[in-house]
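To start, the structure itself, in structure tokens.
The values are calculated or read from the model by the stated rules, or taken from the named source; none is laboratory data. This structure is a prediction, so every number in the text was calculated from the model and none was measured. Note that each Cβ is placed from the backbone with ideal geometry, even for glycine, and that neighbours are counted across all protein chains shown. Areas reflect the complete protein model, heavy atoms only, side chains present, ligands, DNA and RNA absent. Shrake-Rupley method; radii C 1.70, N 1.55, O 1.52, S 1.80 Å.
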Amino acid sequence: MKNINRYGYFFIAPFWLVFLVFSIYPVALTFYYSFTNYTGSGEAQLVGLANYKRLLTDTYFVEAFFNTWKIWGVNFALQMGLALILAMIFSDMRIKLKGIAFFRSIFYLPNLITISSVALLFGILLDWQHGSLNMMLMKLGIISDPINWLNEPTSAQLSVSLILTWMWFGHSFIVVMAGVSGISKDYYEAALIDGANRWQTFSKITIPLLKPILLYIMITSLIGGLQLFDLPMLLTDGIGSPDGSLNTMVLYLYNQAFKYNNYGYAAAVAYGLFVITLIFSAFIFKGMYGKERKQPRQV
Amino acid sequence: MKRKLSIFLVSILLVGLFAGCSSDSKTSGNGKKDVDLRIWSFTDELKKPIKTFEEKNGVKVELTIVPIADYPTKLKPVLESGVGAPDVFTGEIAFLKQWVDAGYWENLSEKPYNADKLSDKYVPYVFDLGKDKDGDVRALSWQTTPGGIYYKRSIAKEVLGTDDPTQVGEMMSSMDKVFEVADKMKAKGYSMFPDEGAIRWFTQGDNPQPWVNDKNELQLTDEKMEYMDYSKKLRNNQYTALAPEWSPSWFEGMDKPIKVKEGGKEKETQVFSYVLPTWGLHSVLKTNVKESVGDWAVTSGPSPYFWGGTWLGVYNKSDNKELAYKFVKMMTQDDEFLTSWSKETGDVLSYLPVTETIKDDFSDKFLGGQNNYQFFLDQSTKITPGIVTKYDQQLDTLYGNAVQQYVTGKKSKKEAIKEFYQKAHNAYPDIKVPKK
Amino acid sequence: MIGKTAVDNSLSNSVQKKSVIETKPKRKISIPKLLIYALLIAMAIVCFIPFLMMLVNATRSNEAILSGFTLIPGSALVENYQTMMSYINIWAGFKNSLFISVLVTLLSGYFSALTAYGFAFYVFKGKNAMFVFMLVMMMVPGQLGLIGFYELCKNLGILDTYIPLIIPAAASPFVVFFLRQYILTTLHPSLIEAARIDGASEFKIFHTIAIPIMMPAIATMSIFTFIGSWNNYIMPLVVLFSPEKFTLPVLMGFLKGSQVAQNLGSMYLGIAISVVPIMVAFLFLSKYIVNSISAGSIKE
């Protein structure tokens, strides 16, 4: 038996080899660089905590932090709202809608497209003077003056939020539906008998039972959201204009490292981002496990 | 469903693997055996010279074009690591300074190149810009790139009563006069410029200073600050066609009227003039204009300026330096090639032995027979060379952004400038920024 | 051409469904229900309209696009294609992306199964510690190691190759985690014991018994891995330099700065080419993908 168990090491060895070289070592190396003034070439000199001190007082990092949250928050609210409304409609036993497979596919479609294609596409669709969107809206008489979507901080952030919603609500909808279909029909039948209305059924039965699923969506969405990069990078000139409103944390990291060659500082930014992700994930995890005990059951 | 899926997945697998294999064999075959010389650049303007070079020497050259926005970020790691690196690469003025000092280019002042001997054969500022901080030549250029204003003769005649370059130039010899002309243009439904960005070169021309001086201080001259007001005036008075540089409508406006939506109305307007340097003629105007050929002319603006310019040199880790330098030599010192190149394209050369012989009887059909050569050579003598720094590209972007903020009314002038200082300091913590 | 048929397909598809929807429940069709359908169809249209604009504009000339908006296709498709191809070889990007994504999916699937099996069915020193460490590393965002990763590739001399994009897939903690949970519930140890008694070697047992049982879970994860790799933007952007090696997402970013951007029609066409094959593939696989997403979240 002992002999056989030794095989365990063989099975996990390739994984750990690759993991050590390509995941752990870079993370450790980045940690080392965060204490240096490395510029991408030449020698790295240790500078102590200077980079972290700068990070704490860096208004642009703070700005990037809030931008990321704003963009993600609006998107998440919309995306979850849509997904829940759709799930409510499709799961309602009194309506019995047809065509769920079709709508699910159509709603999911935008999620499959390479995000850089999406960014490029919206970049030209949203163009101020000659974008198809403004032209269409003007033709329909909805607006009289073209809107410079990507030039106004608020509308630029909103545009990014909406694009993210467009990309992700179908995904959330599918996941929520999967959760809903796992809820026993008995609950709903009991509610029907008790004479609960739609909203009561939804808020008292569906939502509480869906909590683990909702938290799952929230965590994955948050981790993805904090790493928002492609859209702002490609929708703007790459530095997050207008007025720094699309400057996200990862875009800031990218620019510091690969544009301004401040590798050492960028490494500190990366660790700042890490700590932030860790804190928020911990909060959500706490919420998840804390609440789960009170729930009847949900696999 | 399962079967359909597995058939689909397997076919994707096969296609993917097959694609990979074929591309692998192709690149390795091409890369190592067939190609004698690799060149990287940010425009396609070297395509023709490369063909000439291939025919002359019986070699195969591979040209890689990387869009200018990505060029420095892509090229730097390649040069740093030497992996997949070119033998010859070009540099644009915006990042030239950074590169000549970085030592990626072979020192051309040494043997066997002895480029120092060539110094008096070039327009001085062009030759000097190719030197590193120790005064060694790293890169050479075939062109000089002073700028002017290209305008449409027919519109000038209609609105200003003349299409003569000297007279039109006189009418635009100061910013105030430019606005007078712009007003006349607007009265007749024309747009003076495609957008506000067009005038940026003139405001620094009055008092050309480098972005960062030798004390490592950021310098935002009064003239550059005034540029903000000029830009705002252009926007507020609706003097432009709102077509940002390099955008599709910017190109479209060269030949045809374009639509502008402003103040709740849509109007169609024709653009009167484009502010472009020498190369703007052959690589921008000529390639995009079809209908108005011959209706153009070039004249001087409120102040002289230069914009861009391509330098090229030999990569210091190249395996094939001899051939690489041969190409550099053809591009920068070959009388025969350069004569035909300039006649064909209208590019203004910095290589004096050739310019001396061709400048007098030069005329360009595109410009209605105007001698643009003489004009630009005169302009090039007015250029102050010492204003190029390694920070230019990023600082230009940041400042352009600040101006945009002011023009669109997001920020007051003071706020916009303050933010520019902060951003500049954030990108380059080592440069000193005025505390205002 | 591909683009057009895809649109026709999905359009006719939606029309078909619509008629099905409107005719079938004829017996008792209530007003609120109709409203809901109208709303859903409106949402579907919103989802689809950017694609529609893209496809229409891909066939129109730059001049036409600048002068106004319409949904009537133009006739400049061929010119747009030629303009685009003279600057950027989009099919090469496709090929590169496909090659990388396929290898990544294979590597990730196989090695994750291997690791998951090792974690699930053997008892060895440090197993739990390693597993927990792996879970902790799962929380680390990808960008954290970006700079170190870049330096590592530089030192190993593998910049501008596909190695840094493919090999790391052999260590995908999330897939390992998922597969381990799966195989613990689906593969009974007695089956392995029986095989051992028959004299099968450990690796043979893995290949002939464990892999087939894990296949559904591997397929589910493969879809995510494939989509993730296909959409990966920042890694290839940082690691690859030579334009002929660019993957599709990087090439798309490239398009913006290149001369293609002067011509809106070509620009739209380039985007359309990057998008349409995925849409077609999705038409065939939509049911399966949707099920995978559901499974992925529930098993969590």
- Message: Checking the condition surrounded by 15 or more Cβ atoms within 10 Å (Cβ to Cβ) and away from chain C (no Cβ under 12 Å), which residue from A:Phe90, A:Phe76 passes?
- Response: A:Phe76
- Task: Mind listing just one residue for me: the one in region C:262-290 that is in contact with a Pro (Cβ under 9 Å, 6 or more places away or on another chain) and open to solvent by 20 Å² or more (accessible area, probe 1.4 Å) and, of those, modelled with the highest pLDDT?
- Result: C:Asn263
- Query: If C:Ile41 satisfies every condition in (1) at pLDDT below 90; (2) surrounded by 15 or more Cβ atoms within 10 Å (Cβ to Cβ) but one, which is the exception?
  - Reply: (1)
- Message: Quick test for you: out of C:Ile197, C:Ile227, C:Ile213, C:Ile209, pick the one residue that is under 27 Å from C:Met53 (Cβ atoms), open to solvent by 30 Å² or more (accessible area, probe 1.4 Å) and of a type in the set (A, V, I, L, M, F, W, C).
- Response: C:Ile227
- Message: When you scan region A:55-65, do you find a residue that is more than 19 Å from the chain's Cα centre (by Cα), free of Cβ contacts under 8 Å to residues at least 60 places away in the same chain, buried (at least 17 other Cβ atoms within 10 Å of the Cβ) and within 28 Å of C:Met43 (Cα to Cα), even just one?
- Response: no
- Message: Going residue by residue through region A:38-45, is there one that turns out to be in a helix (DSSP H, G or I), over 27 Å from the mean Cα position of the chain (by Cα), buried (at least 16 other Cβ atoms within 10 Å of the Cβ) and of a type outside the set (S, T, N, Q)?
- Response: no
- Query: Taking the condition touching a strand residue (DSSP E or B) at 6+ places or on another chain (Cβ under 9 Å) and either within 14 Å of chain B (Cβ to nearest Cβ) or modelled with pLDDT under 90 (or both), does C:Gly74 pass?
  - Reply: no
- Just a yes or no: is a residue in region A:160-181 surrounded by 19 or more Cβ atoms within 10 Å (Cβ to Cβ), more than 12 Å from chain C (Cβ to nearest Cβ) and small (Gly, Ala, Ser)? yes
- Item | Residue within region C:110-125 that is polar (S, T, N, Q) and modelled with pLDDT of 90 or more present | yes
- Query: Of the conditions (1) open to solvent by 20 Å² or more (accessible area, probe 1.4 Å); (2) more than 9 Å from every other protein chain (Cβ to nearest Cβ); (3) more than 24 Å from the chain's Cα centre (by Cα); (4) more than 25 Å from C:Tyr87 (Cβ to Cβ), B:Lys60 fails just one. Which one is it?
  - Reply: (4)
- Only unsatisfied item for A:Phe19, checking (1) crowded, with 19+ Cβ neighbours inside 10 Å; (2) outside any loop (DSSP other than H, G, I, E, B); (3) more than 27 Å from the chain's Cα centre (by Cα), is (3)
- Message: I'm told C:Ala170 meets every condition in (1) facing another protein chain (nearest Cβ under 8 Å); (2) open to solvent by 40 Å² or more (accessible area, probe 1.4 Å); (3) under 24 Å from the mean Cα position of the chain (by Cα); (4) within 27 Å of C:Thr208 (Cα to Cα) except one. Can you identify the failing condition by its number?
- Response: (2)
- Message: Considering only residues that are part of a helix (DSSP H, G or I), among the hydrophobic types (A, V, I, L, M, F, W, C) and within 16 Å of A:Ile95 (Cβ to Cβ), which ones fall in region A:189-209?
- Response: A:Ala191, A:Leu192, A:Trp199, A:Phe202
- Note on the structure: When every residue in region C:77-96 that is more than 9 Å from chain B (Cβ to nearest Cβ) and open to solvent by less than 30 Å² (accessible area, probe 1.4 Å) is compared, the one nearest to B:Glu268 (Cα to Cα) is C:Asn80
- Where residues in region A:146-182 are without any contact (Cβ under 8 Å) to a residue 40 or more places away in the chain and not in a helix (DSSP H, G or I), which of them is farthest from A:Leu234 (Cα to Cα)? A:Pro146
- In region B:285-330, what residues are surrounded by 21 or more Cβ atoms within 10 Å (Cβ to Cβ), under 19 Å from the mean Cα position of the chain (by Cα) and among the small types (Gly, Ala, Ser)? B:Ser300, B:Gly301, B:Gly309, B:Gly313
- Note on the structure: Within region A:210-257, of all residues that are facing chain B (nearest Cβ under 10 Å) and without any contact (Cβ under 8 Å) to a residue 40 or more places away in the chain, the one nearest to the chain's Cα centre (by Cα) is A:Tyr254
- Message: Name the residue that is farthest from the other protein chains (Cβ to nearest Cβ), counting only residues in region B:40-52 that are out of contact with any helix residue (DSSP H, G or I) (no Cβ under 7 Å at 6 or more places or on another chain) and open to solvent by less than 50 Å² (accessible area, probe 1.4 Å).
- Response: B:Ile50
- Item | In region B:403-417, residue most open to solvent (accessible area, probe 1.4 Å) [restricted to those that are within 12 Å of chain A (Cβ to nearest Cβ) and either among the charged types (D, E, K, R) or in contact (Cβ under 8 Å) with a residue 60 or more places away in the chain (or both)] | B:Glu415
- Can you spot a residue in region B:421-436 that is outside any loop (DSSP other than H, G, I, E, B) and among the acidic types (Asp, Glu)? no
- Residues of region C:128-153 satisfying the condition of being open to solvent by 40 Å² or more (accessible area, probe 1.4 Å) and facing chain A (nearest Cβ under 8 Å): C:Met130, C:Met139, C:Gly142
- Hey, any hits in region C:154-167 for a residue that's out of contact with any Leu (no Cβ under 9 Å at 6 or more places or on another chain), open to solvent by 60 Å² or more (accessible area, probe 1.4 Å) and touching a residue at least 40 places away in the same chain (Cβ under 8 Å)? no
- Message: Checking B:Gly130 against (1) surrounded by 22 or more Cβ atoms within 10 Å (Cβ to Cβ); (2) not assigned by TED's automatic domain parsing to the domain that holds B:Phe327: exactly one of these is not met. Which one?
- Response: (2)
- Item | Within region B:244-259, tally of residues that are open to solvent by less than 10 Å² (accessible area, probe 1.4 Å) and within 7 Å of another protein chain (Cβ to nearest Cβ) | 2
- Out of (1) open to solvent by 40 Å² or more (accessible area, probe 1.4 Å); (2) of a type outside the set (A, V, I, L, M, F, W, C); (3) at pLDDT below 85; (4) over 27 Å from C:Pro236 (Cα atoms), the odd one out for B:Glu55 is which? (3)
- What helices (runs of 4 or more DSSP H), lying completely within region C:202-290, carry at least 3 residues that are of a type outside the set (Phe, Trp, Tyr), over 30 Å from A:Arg6 (Cα atoms) and more than 11 Å from chain B (Cβ to nearest Cβ)? C:211-231, C:234-239, C:248-257
